[in-house]
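Q: Here it is: the structure, laid out below.
The values are calculated or read from the model by the stated rules, or taken from the named source; none is laboratory data. Keep in mind that what you see is a predicted model, and the values were worked out from it rather than measured. Don't worry about glycine lacking a Cβ; one is built from the backbone with ideal geometry, like all the others, and counts go over all protein chains shown. We work out accessible area using only protein heavy atoms, side chains counted, and drop any ligands, DNA or RNA first. Shrake-Rupley method; radii C 1.70, N 1.55, O 1.52, S 1.80 Å.
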Amino acid sequence: MADHTSNGNLASSSLRLKTGLAEMLKGGVIMDVMNVEQARIAEEAGATSVMALERVPAMIRAEGGVARMANPKLIKEIIEAVSVPVMAKARIGHFAEAQVLQELGVDFIDESEVLTPADEVYHIDKHAFSTPFVCGARNLGEACRRIAEGAAMIRTKGEAGTGDVVHAVQHMRQIAREMKALTVLDESELYNAAKVHQAPYELIRIIAKTGKLPVPNFSAGGIATPADAALMMQLGAEAVFVGSGIFMKERATPLDVENDPKERAEAVSRAKAIVIATTHYNDPKIVAEASEQVTGTMKGLAAAALEESQLLQTRGW
Amino acid sequence: MLRNDKFQAQTGTLYWIKESPSRHNTTNAEAHGEPVSFEGFARRSTGETLTASTTETTEQTPLTIGVLALQGAYAAHAETIRSLGATPKLVRLPSDLEGIDGLIMPGGESTTMLRFLEHRNFFEILKDFVHTTPTFGTCAGVILLAKDVTNPAQKSLGALDITVERNSYGRQIDSTILQAESKIPGGPLEMVFIRAPRITRTGAEVETIATRAEDPVLVREGHLLAATFHPELGHDPRVHQLFLDMVREDKKKRG
């Protein structure tokens, strides 16, 4: 549906239902998967949700070209294969892709900078959809603008497809710092704070009062190890997305989980360990035990070595 | 911190949201009765909008309620419990079950929670616990408590004599908020259903407290309470209050 003209079905588009599903995902791991076998591995390992896509960010980065919504056939197969919620990505501003994803019954739509943006000015009007949206953010203003557009969950952008957690840390710390700063402002200072952050005053006021975002705040972009997940959780993430960290071997080569039992076991070990570390993020002993079980890690790419033009996080505004 | 009364306003209506409330006067009172607002957001963030009708209970025996925090909506449950004057304790390991008077098993993904129960003998320890101590399951928590699970069949603690069908009302797009009368006094109960399971069979000892059409959605069997909806995401603390009353009763019995 996604009828932009009628008043739609508010019963199912209510913000509470949308953020409600995000609440159910808290403390868990959402894993990028490119086929049915990977989706099954993710579910078996304890993922709370899977993100269906054709190429994980590391492959998009290595191969280049235009990255688009996944083929609906693939998404349907994955929906059929697992009992956990299924997410999928639409390009920034590409509301027609989002309409297709809603039609397919996807549970959460990620309006993602990982795909090639379809609009250089407007993000999707997410209030027009019954399906909840998650959007990336690097700072508080960006997070507030996405929430204003109807996002039911925010995730840090980090730098997807690198296996380098540095930018996820930077973005999470920045959002936390900016929220904390609002809580000590005088009421009369909040109008200017809204201007500085380029964010709606009403949202700024709520955050000033509560010290936290009014929707769940997850982390993504470069999380590759159990300790990375524990780090992001301790920094305030309420759950984590792991993209290329589980199923990639070399920069552009995924583990062959369908044909090679050894590589399948490697993917399972990584997935399980990250799930355990995310729940027990405050217990270094358990994070250590989980990390020990991991065989191999995504090779990765130092984010500092990337040219400005190679960054995915600067997409969206 | 400089805070004044104006900041207590919980429900700032946003000028930039285009939906007008007057156009939505159809069946679903909760979802339609308010302009699109940040009411739910404020609820999530502070818990202050909960109006507990329980001033007397806070003066009774202090209760510690465990909230299974492997994954899911544990934070919202903990907040509701706190607003009702009890002390929540997050349970992530078998040893965390010590010293609690009752346990809440929240919504989330039952498959994920089961993975954690496979280790440290957690499954067996939890099974013993829920067979003897007041436990309240919501959504995925109901699936864990149930005797039988379908769609697909999966392992469960088998404490509550019901059969539960997973994801039975559809996907997220079919999630909904309903209001209905129940056996709990005080008017219609708000019920937030999110990818909810369906109770397809109840045993002879199971009392149905609320229904959705013909389906039981809130049931009790002795020391166990189960809701396929999410009272922790609503504004109505009566279901949690009912559970705290059960816990208090149990505690009194044990002396």
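Q: Between B:Thr200 and A:Lys262, what is the FRET efficiency for a Förster distance of 51 Å, r being their Cβ-Cβ separation, to the nearest 0.05?
A: In this case the efficiency is close to 0.75.
Q: From the backbone phi of the stretch B:104-110, what are the Karplus-calculated ³J(HN,Hα) couplings (6.51 cos²θ - 1.76 cosθ + 1.60, θ = phi - 60°) in whole Hz, Gly and Pro given as x?
A: With the stated coefficients, the stretch B:104-110 comes to 10, 10, x, x, x, 10, 5 Hz.
Q: Could you report the buried accessible area between A and B, both sides summed, computed with a 1.4 Å probe and given in Å² to the nearest 100?
A: Looking at A and B, the buried total is near 5500 Å².
Q: Further, regarding this structure: Going by alpha carbons, how many degrees (0 to 90, nearest 10) lie between the helix axis of A:201-210 and the longest principal axis of chain A?
A: Around 70 degrees separate the two axes.
Q: Now a separate question. So how far apart, in nm, are the two label points at A:Gln234 and A:Ala304 if each is 7 Å from Cα heading toward Cβ?
A: Those two pseudo-labels are separated by 2.1 nm.
Q: Please list, in chain and number order, the residues 5+ apart from B:Arg201 or on another chain whose amide H is under 5 Å from its amide H, with Hs placed from the backbone.
A: For B:Arg201, the qualifying residues are B:Thr163.
Q: Roughly how many nanometres apart are two label points built 7 Å out from the Cα toward the Cβ at A:Asp125 and A:Glu77?
A: 3.6
Q: Students often forget the sequence filter, so: which aspartates and glutamates lie under 18 Å Cα-Cα from A:Lys76 once same-chain residues fewer than 8 apart are removed?
A: A:Asp32, A:Glu37, A:Glu43, A:Glu54, A:Glu97, A:Glu103, A:Asp107, A:Asp110, B:Asp174
Q: Could you derive backbone 3J(HN,Hα) for the stretch A:58-64 from the dihedral phi with the Karplus parameters 6.51, -1.76 and 1.60 (θ = phi - 60°), listing whole Hz in sequence and x where the residue is Gly or Pro?
A: 3J(HN,Hα) across the stretch A:58-64, in whole Hz: 4, 6, 4, 5, 6, 8, x.
Q: To make sure I understand the rule: partners must be lysines, Cα under 21 Å from the Cα of B:Lys155, and not fewer than 8 residues away in the same chain. Which ones qualify?
A: Partners within reach: A:Lys272, B:Lys127, B:Lys147.
Q: If each DSSP helix of 4+ residues adds -39,500 (n - 2.57) and the sum is divided by the residues in chain A, what number results at 222 nm, nearest 500 deg cm²/dmol?
A: Mean residue ellipticity, 222 nm, calculated: -12500 deg cm²/dmol.
Q: Starting from the Cα of A:Lys73, draw a straight line to each of the lysines and keep only those under 20 Å, dropping any in the same chain fewer than 8 residues away.
A: Leaving aside lysines fewer than 8 places away in the same chain, those within reach of A:Lys73 are A:Lys89.
Q: If you don't mind, another one. In chain A, what % of DSSP beta bridges are antiparallel (nearest 5)?
A: 5
Q: Using a 1.4 angstrom probe on protein heavy atoms only, which residues from the stretch A:265-291 are buried by at least 40 Å² of accessible area when all chains are present rather than their own chain alone?
A: In the stretch A:265-291, residues shielded by partner chains: A:Thr279, A:His280.
Q: On to the next question. Just name one of A:Val50, A:Ile204, A:Thr297: the one whose Cα is farthest towards the positive end of the charge dipole of the protein assembly as shown (beta-carbon charges, Lys/Arg +1, Asp/Glu -1).
A: A:Ile204
Q: Carbon and sulfur atoms: what percent of the 1.4 Å accessible area of the stretch B:116-165 do they account for?
A: 48
Q: Here's something else I'd like to know. Heads up, I need the accessible area for A:Met31: 1.4 angstrom probe, whole protein in place, Å², nearest 10.
A: The accessible area comes out at roughly 0 Å².
Q: Right, something else. Please work out the average accessible area per residue across chain A, using the 1.4 Å probe convention, and give it in Å².
A: 35
Q: How many nm is it between the label spots at A:Val196 and A:Lys285, if each spot is 7 Å from the Cα in line with the beta carbon?
A: 4.4
Q: Given the protein assembly as shown, what percent of its DSSP beta bridges are antiparallel, to the nearest 5?
A: Bridges in the protein assembly as shown are about 30 percent antiparallel.
Q: Could I ask something else about it? First compute the accessible area of the stretch A:69-115 with a 1.4 Å probe, then give the percent of it belonging to carbon and sulfur atoms.
A: In the stretch A:69-115, the share of accessible area belonging to carbon and sulfur is 53 percent.
Q: Quick one: which residues, 5+ away or cross-chain, put their amide H under 5 Å from the amide H of A:Glu111? H built at 1.01 Å from N.
A: A:Ala90, A:Val134
Q: Not counting the cut sites, what is the longest span of chain A without GluC sites (Glu not before Pro) that DSSP labels loop and that have at most 13 other Cβ atoms within 10 Å?
A: Between the exposed loop sites, the longest stretch runs A:121-249.
Q: Another one. Under a 5 Å amide H to amide H cut-off, with H placed in plane at 1.01 Å, what residues pair with A:Phe218 once short-range neighbours are removed?
A: A:Ile154, A:Arg155, A:Thr156, A:Glu238
Q: Which ³J(HN,Hα) values, rounded to whole Hz and listed in residue order, are derived for the stretch B:241-252 from phi using the Karplus coefficients 6.51, -1.76 and 1.60 in 6.51 cos²θ - 1.76 cosθ + 1.60 with θ = phi - 60°, glycine and proline given as x?
A: Values, residue by residue: 4, 4, 5, 4, 5, 4, 5, 5, 4, 4, 5, 4 Hz.
Q: Need one word for the stretch B:64-118: rounded, prolate or oblate. Basis is the Cα gyration tensor (sqrt eigenvalues a ≥ b ≥ c); a/c below 1.5 gives rounded, then a/b vs b/c decides.
A: oblate
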